[in-house]
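The values are calculated or read from the model by the stated rules, or taken from the named source; none is laboratory data. Not measured: the values here are computed from a predicted model. Here the Cβ positions follow ideal geometry from the backbone for every residue, glycine too, while neighbour counts run over all protein chains shown.
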Amino acid sequence: MLRDPALELARCAMHGVAFVETIVDPADDGFGTFEALPGWLMEASADLRAMVAAEGAGEGAGGEERRALPPLPAVRIAAGVHPHNAKDLTDDLVAALGERLRDRRVSAVGEIGLDYHYDLSPRPVQREAFRAQIRLAKAAGLPVVLHMREAHDDGFAILAEEGFPEAGTLLHCFNLDGAEASRWVEAGCYIAFGGPLTFKRAEEVREAARIVPVNRLLTETDAPYMTPEPLRGTLCGPAHVVWTAAVLCEVLGADTPEARATLLAQLYANAEALLDRAPTPWQKEPSHA
Ligand SMILES: [Zn+2]
């Protein structure tokens, strides 16, 4: 959870970030984001007016040159129990999550997956929670957002067994090499690059980005974590995605304003195609709760 979500959304608007996918883990922070989101957006527009006014105050004496307010980003929700919290995933919570997926602002189930680095839940429990949520995502017709850490072989095998969701699979915060990226790409997955793409000693991550087809590429922040260069050491916000996107343009050789604009438009179209889709049949059904 971000410290001041409204302010972060206003900053996104100032930087031209038009789409934000926020993560909700019901085992960790409940479903509070669903209720809070409209309030954050109202607050964000007030913050945005103040930012634009402050920017305008420096220009000219009369301040007559009023800048139009940039649009606030569209916010969609990925809801899912993170592998860290797999031990807390009960049948009741799966049912409650299923009901929340009917909210049309939800566009994915995630972050779900496996984390064998921290092992905060026993591995067999992580695998069961992962399977249960893949099945739920498929029933709901939604994509999955994957958190995989030092567990890619098991994660890939489980998805291959269950079947990759037709609505799509996003491998989040990719920080490995091209060899690892390629099997996920071949399985039709989207690969999202965050701060690690910009880290100085991460040449293999930049190489991985080059092998991902341009219509499968996404950028992200993983805010409040993984702040990109040159701002490492500060708290990350969703607006920081502009730094990662800039590096991605460099890595892919988009070095003219036109080439950059084309690539950025493609990234935005990819995010829209995967995460801003029309309501699924599951979401059009009335809630059974
Ligand atoms: Zn993650």
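Among the residues of the stretch 5-47, which ones are of a type in the set (D, E, K, R) and modelled with pLDDT of 95 or more?
To start, the set of residues in the stretch 5-47 that are of a type in the set (D, E, K, R) comprises 8, 11, 21, 25, 28-29, 35, 43, 47.
Hits for the stretch 5-47 are Glu8, Arg11, Glu21, Asp25, Glu35, Glu43, Asp47.
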Exactly one of (1) in contact with a strand residue (DSSP E or B) (Cβ under 9 Å, 6 or more places away or on another chain); (2) assigned to a helix (DSSP H, G or I) is unmet by Tyr118. Its number?
(2)
Does at least one position in the stretch 132-139 carry a residue that is surrounded by 15 or more Cβ atoms within 10 Å (Cβ to Cβ) and within 13 Å of the ligand (Cβ to nearest atom)?
no
Here the qualifying pairs (Cβ atoms under 7 Å; residues six or more apart or on different chains; first in the stretch 97-124 and within 19 Å of Asp222 (Cα to Cα) and in contact (Cβ under 8 Å) with a residue 60 or more places away in the chain; second acidic (Asp, Glu) and more than 16 Å from the ligand (Cβ to nearest atom)) come out as Ser107/Asp276
Set Val94, Val109: member being surrounded by 12 or more Cβ atoms within 10 Å (Cβ to Cβ), in a strand (DSSP E or B), at pLDDT 95 or above and under 22 Å from the mean Cα position of the chain (by Cα):
Val109
All positions within the stretch 63-91 that are outside any strand (DSSP E or B) and within 15 Å of the ligand (Cβ to nearest atom)
Gly80, Val81, His82, Pro83, His84, Asn85, Ala86
Which ones in the stretch 185-194 are over 12 Å from the mean Cα position of the chain (by Cα) and either part of a loop (DSSP other than H, G, I, E, B) or under 20 Å from His82 (Cα atoms) (or both)?
Ala187, Gly188, Cys189
